Amino acid sequence: GRVGTKNQVKCGAASLAVQLQQPFDSSLEKPQFPGASAEFVDQLEFIQPNVISGIPIYRVMDRQGNIINPSQDPQLSKETVLNFYQKMTLLNTMDRILYESQRQGRISFYMTNYGEEGTHLGSAAALEPTDLVFGQYREAGVLMYRGFPLDLFMAQCYANADDLGKGRQMPVHYGCRDLNFVTISSPLATQLPQAAGAAYAIKRENMNRAVICYFGEGAASEGDAHAGFNFSATLECPLIFFCRNNGYAISTPTNEQYRGDGIAARGPGYGMLSIRVDGNDVFAVYNATKEARRRAVAENQPFLIEAMTYRIGHHSTSDDSSAYRSVDEVNYWDKQDHPISRLRHYMTARGWWSEDDERSWRKQSRKTVMEAFERAERRLKPNPELLFTDVYNEMTPGLNKQRESMWRHVQQYKEHYPLDLYEK
């Protein structure tokens, strides 16, 4: 054994001597680090932040509803386009009525979707009904497109006995298992890693399904966004990240939110295919989402879509946006570049929609919304017992104690608790 060791040492020394005699060409040396694929350089140079900048905005229609490149026209039927328009305007009407309802003290809170209707309808139409949706809180149009009835929108906002969530959530926090729409959760960006997990599960089931996850450019600053992006890329999940870049995160403008080129620029850093689209062009949103959905399922990889749009309304009924932006700025988007008016131009040019159609539909849609609104107001509230259900299979002693305490309190001060307004 010792002789062998001596021989190995002699051979090693001889090999090293031969290597030392040969000239070493450092230009041929390749990095062996496992964490990146790159070449060595001998000049000190930092990568500029604008290495990915000026990402173009894909669009199909101009502001007047004209198709720019005929090859990009999705060639949707008249019935489909009319459905887009009617859903977008119905959402708009529902927003106006529920916003005023909150202002009159009838409901506690509301968030409008003004100006972002194109991102909802264009993306929702490009999905399959079985695809799972994780929303943020401004995607009511997606749920409306999938067939969620006005009565249930109203029931949720009024927290009445018909509410699928049994009155436990604040208004606009919709959810529907039957329509594959995961219940909205207020904390920003929690849905991103959840969507990655759901998409990974769907991938393992080997089903023809995808997950779409909506969020705003403000939510993209949360740590959960990083986790969601990285998990989905490394686990190779069939997931579409859909960012609604509407200019403001409550009162924070984009120039204070990030320094890079928006959200789409982040995709390459995570190894994700990315695109930036005109969010006020319902056809551009439709085309981008449809192709992303097709490839996400076929190739098991995530996609990032950044839809550029504008939040015309206040952030919510708790916000007054006149404190941080001008009326002229809002008016431009409301009057000059609105997704609804753009689609109407397109339909009018084809003879699919007239002034009479518009007047008739606006009158009919308002009547439909008002009827649902009135039914929701008259409906009883959920049974107070539901406060204590759906967490544990059997009520725990601590929970039971709270329940008994609540009923004692209600009985003691019954003049303040009109139980006849609640279901028995």
ask   = Add -39500 (n - 2.57) for each DSSP H run of 4 or more in the chain, then divide by its residues: what number comes out at 222 nm, to the nearest 500 deg cm²/dmol?
value = -13500 deg cm²/dmol
ask   = When Lys and Arg each count +1 and Asp and Glu each count -1, what net charge do the other residues less than 14 Å away from CYS176, Cβ to Cβ, add up to?
value = -3
message = Please list, ordered by chain and number, the residues whose modelled amide H lies under 5 Å from the amide H of TYR114; skip anything fewer than 5 residues away on the same chain.
response = GLY313
inquiry  = Please report the net charge: other residues with Cβ closer than 11 Å to the Cβ of ALA264, K and R +1, D and E -1.
reply    = -1
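With a 1.4 Å probe and every protein chain kept in, tell me what percent of the accessible surface of the chain is carbon plus sulfur.
On the way: 11860 of 22920 Å².
Ligands and nucleic acids excluded, carbon and sulfur reach 52 percent.
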inquiry  = Which of the three applies to the stretch 174-213, rounded, prolate or oblate, going by the alpha-carbon gyration tensor with a ≥ b ≥ c and a/c under 1.5 meaning rounded?
reply    = oblate
remark   = Sequence order, the stretch 414-423: Karplus ³J(HN,Hα) from phi using 6.51 cos²θ - 1.76 cosθ + 1.60, θ = phi - 60°, Hz rounded, Gly and Pro as x, gives 4, 5, 9, 10, x, 5, 5, 8, 10, 5
request  = Please report, in cubic angstrom per residue, the volume enclosed by the convex hull of the alpha-carbon atoms of the chain.
outcome  = 249 Å³
note = Note, the stretch 210-222: 3J(HN,Hα) by Karplus (6.51, -1.76, 1.60, θ = phi - 60°), whole Hz, Gly/Pro = x, goes 10, 10, 10, 10, 8, 6, x, 5, x, 4, 5, 7, 6
message = Apply the Karplus curve 6.51 cos²θ - 1.76 cosθ + 1.60, θ = phi - 60°, to the phi angles in the stretch 26-41 and return the couplings in whole Hz, x for Gly and Pro.
response = 5, 5, 8, 6, 10, x, 10, 4, x, x, 7, 9, 6, 10, 6, 10
task = Using a 10 angstrom cutoff on alpha carbons, build the Gaussian network for the chain and name the most mobile of ALA201, ALA233, ALA265.
result = ALA201
inquiry  = Not counting ligands, DNA or RNA, and with a 1.4 Å probe, what is ASP320's accessible surface area in Å² rounded to the nearest 10?
reply    = 90 Å²
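Scan the chain and report its longest stretch carrying no GluC sites (Glu not before Pro) that are both in a DSSP loop and have at most 11 other Cβ atoms within 10 Å. Let's see the in-between values first.
Numbers: sites that count: GLU29, GLU39, GLU45, GLU394.
So the longest stretch without any such site is 46-393.
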key: Computed label-point distance, nm, for sites GLU45 and ARG177 using a 7 Å Cα→Cβ extension   = 5.8 nm
key: Per residue accessible area of the stretch 224-320, 1.4 Å probe, in Å²   = 35 Å²
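Please give me the summed charge of the neighbours of ALA38: other residues whose Cβ is under 14 Å from its Cβ, Lys and Arg +1, Asp and Glu -1.
Combined, the nearby Lys, Arg, Asp and Glu give -3.
On a full-extension model of 0.36 nm per residue, what is the gain between THR130 and THR234, subtracting their alpha-carbon distance, rounded to one decimal in nm? Walk me through the intermediate numbers first.
Numbers: separation 104, 0.36 × 104 = 37.44 nm, distance 2.42 nm.
Gain on extension, THR130 to THR234, equals 35.0 nm.
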ask   = If amide H atoms are built 1.01 Å from N in the plane of the peptide, which residues on other chains or at least 5 residues away come under 5 Å of the amide H of TYR422?
value = LYS381
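Between their Cα atoms, which of LYS335/LYS367; LYS363/LYS424; LYS203/LYS381; LYS78/LYS203 are more than 31 Å away from each other?
Working: LYS335/LYS367 25 Å; LYS363/LYS424 37 Å; LYS203/LYS381 41 Å; LYS78/LYS203 35 Å.
Too far apart for the 31 Å limit: LYS363/LYS424; LYS203/LYS381; LYS78/LYS203.
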task = Calculate the spin-label point distance for GLN22 paired with ASP328, positioning each point 7 Å from the Cα along the beta-carbon direction, and give it in nanometres.
result = 7.2 nm
query = Which value in nm describes the separation of the simple spin-label points at GLU374 and LYS414, placed 7 Å from the Cα toward the beta carbon?
reply = 3.4 nm
query = Long-range amide H contacts for SER274: which residues qualify at under 5 Å (H placed 1.01 Å from N, peptide plane, sequence gap of 5 or more or a different chain)?
reply = LEU304
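The values are calculated or read from the model by the stated rules, or taken from the named source; none is laboratory data. None of these values were measured; they are calculated from a predicted model. Cβ sites come from the backbone with ideal geometry, for glycine too, and all protein chains shown count toward neighbours. The accessibility values were calculated without ligands, DNA or RNA, using every heavy atom of the protein model including side chains. Shrake-Rupley method; radii C 1.70, N 1.55, O 1.52, S 1.80 Å.
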